[in-house]
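Peer 1: This is the structure I want to talk about, given as structure tokens.
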Amino acid sequence: MRRTDPEGHGPVRYGPPLPDDGLPVLPELAAVLAAAAGRSESEAVGGGAALLEAACGYWGRRGLPAEPDRAVAAPGAPALLLALTFALGGDVLVPRPCAAWWAPYARLLGRPVFHVPTPAECGGVPDPYALLETVRRVRAEGGEPRLLVLSVADDPTATVAPPEVLHETVEAATGEGLHLVSDETWRDTVHAPHDTVLLSPAEMLPEQVTVVTDLAGAHLPAGWPAAVARFPAGEAGDSLHARVLDVLTALGSRVAGPVALAAGYALTEPEPVTARVATAVRLHARVAAAAHAAVVGAGALARPPQAGRHLYVDLGPLRAGLSAQGVGDAQDLEDFLAARLGMPAPGGHRFGDDLGALRVRLSTGPLLGGGDEERVELIASPTPLELPHVHRSLIHLKSVFDDLRDDAQRWEPPR
């Protein structure tokens, strides 16, 4: 019998974190945090005035005007999604695959989660026709679908949803009365921003979309948890905002005072922050492109990465060789590749994909090296892929996948 919850590999405690940027903390950010270390007062639940003003300025520069009374801050996007899921009620729909942290919070509340296939062009958003069919089926079975979570710049697939695809999905979802939560954690990590059109669902239907952004995506280290949410205007948005604040208050979910000051500084986007974000995006885009070339060259399948610090790889074409190594499902593949690569390789089942599908998310951060000196060197180098530690990592990645290709060819049945 195929495993659904392998012992020692539970879907929540062993779920993968957001991909780290693998770089030193920006000195200016560290200075803001250090200066606030003596701050004893607590940040208000939902965020203080300065942090919310900074968040509204951030959204305004992206064509999403907002007021502080339409915004909320929390210690990480998971707390916001938990509060939103509780406040909205009903069943939850998500794309397949989706970010690993989306579904556990709904299940924690006892809410059914339904995965909807994505279109061929991208991940992050459900196929509109599959979405309509899923909603119809859930209602026919007595369910009450109310919430759709999606992401235009996606974890895990590293794709950006084309505006025309997004428009069809948003139209289908709102036609069925669903509220949309747009996870825009990775919107500022698009690899080719001048060639890629990224449109937020909130620009299309501002009264039916809540935007959530975890600042670990581009602006803060993952160990400084902070996230912000922008609520729609109107009476329904007011009610949802109030209910989310109630949940965050009940949980005591506050952004730590020093982290709140650092988050506010980052969201105002001074030159040191924008320069570091741009540097990190260029670096990870180059590494992701090299990793993509390595895995595709070995016969695996992967969409070209367009955003984030990761790529999503389907090793189905190499199944024959992997089967000979005892790899039969995504959990086996996760264990096998983690040992071979010397870095985490979470299987697709972590992201709602089928356990039997041989898919993994590979992050680019571990390919950058782990020492402080190596990380500083990355920031200043005009040719980071030629640095010895990065070059070795990419050669090792290519070697592992080339071996898998050779194994697959060896075990393929004769034609």
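The values are calculated or read from the model by the stated rules, or taken from the named source; none is laboratory data. Keep in mind the model is a prediction, meaning the values are calculated, not measured. Virtual Cβ from ideal backbone geometry, glycine too; neighbours counted across all protein chains shown.
Peer 1: Considering only region 160-167, I want to know if a residue exists there that is touching a residue at least 60 places away in the same chain (Cβ under 8 Å), under 27 Å from residue 197 (Cβ atoms) and charged (D, E, K, R).
Peer 2: No, region 160-167 contains no residue that is touching a residue at least 60 places away in the same chain (Cβ under 8 Å), under 27 Å from residue 197 (Cβ atoms) and charged (D, E, K, R).
Peer 1: What are the residues in region 104-123 that are surrounded by 14 or more Cβ atoms within 10 Å (Cβ to Cβ) and over 19 Å from residue 251 (Cα atoms), if any?
Peer 2: If the condition is that a residue be surrounded by 14 or more Cβ atoms within 10 Å (Cβ to Cβ) and over 19 Å from residue 251 (Cα atoms), then 112, 113, 114, 115, 116, 117, 118, 119, 121, 122, 123 are the ones that fit.
Peer 1: Is at least one residue of region 184-195 assigned by TED's automatic domain parsing to the domain that holds residue 32, part of a helix (DSSP H, G or I), in contact with a strand residue (DSSP E or B) (Cβ under 9 Å, 6 or more places away or on another chain) and not charged (D, E, K, R)?
Peer 2: yes
Peer 1: Assess whether residue 366 counts as being under 21 Å from the mean Cα position of the chain (by Cα), in contact (Cβ under 8 Å) with a residue 60 or more places away in the chain and crowded, with 21+ Cβ neighbours inside 10 Å.
Peer 2: Considered against the rule, which asks whether it is under 21 Å from the mean Cα position of the chain (by Cα), in contact (Cβ under 8 Å) with a residue 60 or more places away in the chain and crowded, with 21+ Cβ neighbours inside 10 Å, residue 366 comes out as no.
Peer 1: If residue 329 satisfies all but one of (1) buried (at least 21 other Cβ atoms within 10 Å of the Cβ); (2) in contact with a Leu (Cβ under 7 Å, 6 or more places away or on another chain); (3) among the acidic types (Asp, Glu), what's the number of the condition it fails?
Peer 2: Of the numbered conditions (1) buried (at least 21 other Cβ atoms within 10 Å of the Cβ); (2) in contact with a Leu (Cβ under 7 Å, 6 or more places away or on another chain); (3) among the acidic types (Asp, Glu), the odd one out for residue 329 is (1).
Peer 1: In addition: Evaluate the following for residue 299: is it on the phi > 0 side of the Ramachandran plot, at pLDDT 95 or above and of a type outside the set (Ser, Thr, Tyr)?
Peer 2: yes
Peer 1: Another one. Got a sec? Which of 216, 227, 173 is surrounded by 20 or more Cβ atoms within 10 Å (Cβ to Cβ), in the same structural domain as residue 43 (by TED's automatic domain parsing) and either out of contact with any helix residue (DSSP H, G or I) (no Cβ under 7 Å at 6 or more places or on another chain) or modelled with pLDDT under 95 (or both)?
Peer 2: Just a single option satisfies the conditions, and that option is 216.
Peer 1: Could you look through region 304-326, keep only residues that are farther than 20 Å from residue 411 by Cβ and not charged (D, E, K, R), and pick out the one that is surrounded by the fewest Cβ atoms within 10 Å (Cβ to Cβ)?
Peer 2: 304
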